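Below is one structure, written out as structure tokens; comments come after it.
Throughout, read-outs are computed from the coordinates displayed, never taken from laboratory work. Treat the numbers as computed from the prediction; the structure is a model and nothing was measured. Neighbour counts run over all protein chains shown; Cβ positions are idealised from the backbone, glycine included.
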Amino acid sequence: MKKIIWLAVMLAAGTAMAQSAFQLQPFVYDPDNACDVTAQWQNGTIVLAKNCTTATNAAAGVDIISPLEGQSISGLTELNFDYLNGGHCGAGAPRFNVVVDGKTYFLGCSSGTHTDLGNGWTHVEFGPTDFASAGIPTTGTLEDLLIIFDEGTDTPLTTGTPGSVTIDNVSVNGDVVGDSAKPTSKDQCKNGGWMTFQDPAFKNQGQCVSYVVSHRGGNH
């Protein structure tokens, strides 16, 4: 339901979307209010956490808004992200969900190609070989791209702390979002556009406009 509401807001805020066809929208799924689950931008990174058991019907996630959606799956050539060392990186979470013709295929964190970046972060990349191993077809329509985090604090890991992860630099075909979208014009704040921003978040349109004015349209 939250995703449906958000999509309705985005349609009303066409100007904001026009500025960047590739965006990331964190969301949470917890229909029974049974878990402390969070998904949010924090200082330019995305923090996902599920502070309950894996079996609990709850998840944190990121909706990846990409112009590749609605196009042939053959156009998808790579997916990757960085995660902060010490965070949860398991077989099932965080994972890319790739939806093709109504069927969902999974690319779990631990199955990607890992590169220690030497700065406290690890780069995880998935390419055509990984797509084939996951059963992702080479024909059909790419309907949705998501990052899902639904393994809880009880999931054993070889390394890392269960239940939470911080990710950055999400990439689709080399197009990288390394920070949350910020308004760069007053028009982006209008028609509900102010509701689409999270880092910083705004209480109303006026606050969004004030941010643009004070930052002179900057992205900081």
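In a shell of Cβ-Cβ distance under 13 Å around residue 93, excluding residue 93 itself, what net charge do Lys and Arg (+1) and Asp and Glu (-1) give? Within the 13 Å Cβ shell, the charges total -1.
Axis of helix 205-214 versus longest Cα principal axis of the chain: the two differ by about 90°, to the nearest ten degrees.
Helix 2-12 and the longest principal axis of the C-alpha atoms of the chain enclose an angle of approximately 40°. Charge dipole (Cα centre; +1 on Lys/Arg Cβ, -1 on Asp/Glu Cβ; no other charges) of the range 21-179 amounts to roughly 180 debye. For residue 54, nonlocal amide neighbours, meaning residues 5 or more places apart or on other chains whose placed amide H falls under 5 Å from its own, are 152, 153, 154, 155. Mean sequence separation of contacting Cα pairs (under 8 Å, at least six apart), scaled by the length of the range 21-179, corresponds to a relative contact order of 32 percent.
Shown in residue order for the range 177-183 are the 3J(HN,Hα) couplings computed by the Karplus curve 6.51 cos²θ - 1.76 cosθ + 1.60 at θ = phi - 60°: 10, x, 7, 6, 5, 10, x Hz (x for Gly and Pro). Counted by neighbouring Cβ atoms within 10 Å, the residues 175, 101, 130 run from fewest to most as 101, 175, 130.
Here the Karplus curve 6.51 cos²θ - 1.76 cosθ + 1.60, taken at θ = phi - 60°, turns the phi angles of the range 152-168 into couplings of x, 6, 8, 7, x, 10, 5, 9, x, 9, x, x, 7, 8, 10, 10, 8 Hz, with x standing for Gly and Pro. Average projection, convex hull of the Cα set of the range 21-179: 8.8 square nanometres.
If you keep only loop residues by DSSP, which GluC sites (Glu not before Pro) in the range 76-170 have at most 15 other Cβ atoms within 10 Å of their Cβ? Hits after loop and neighbour filter: 78. The residues neighbouring residue 141, those whose beta-carbon lies less than 15 Å from its own, together hold a net charge of -3 under the Lys/Arg +1, Asp/Glu -1 convention.
Each residue of the range 96-101 was assigned a 3J(HN,Hα) from its phi angle through the Karplus curve 6.51 cos²θ - 1.76 cosθ + 1.60 (θ = phi - 60°); the sequence is 7, 9, 10, 9, 10, 6 Hz, with glycine and proline shown as x. If contacts are Cα pairs under 8 angstrom and at least 6 residues apart, what is the relative contact order of the range 99-220 in percent? Computed over the range 99-220, the figure is 16 percent. Can you find, among 60, 75, 161, the residue farthest towards the positive end of the dipole of the range 21-179? Put +1 on the C-beta of Lys and Arg, -1 on that of Asp and Glu. The residue sitting farthest along the positive end of the dipole is 161.
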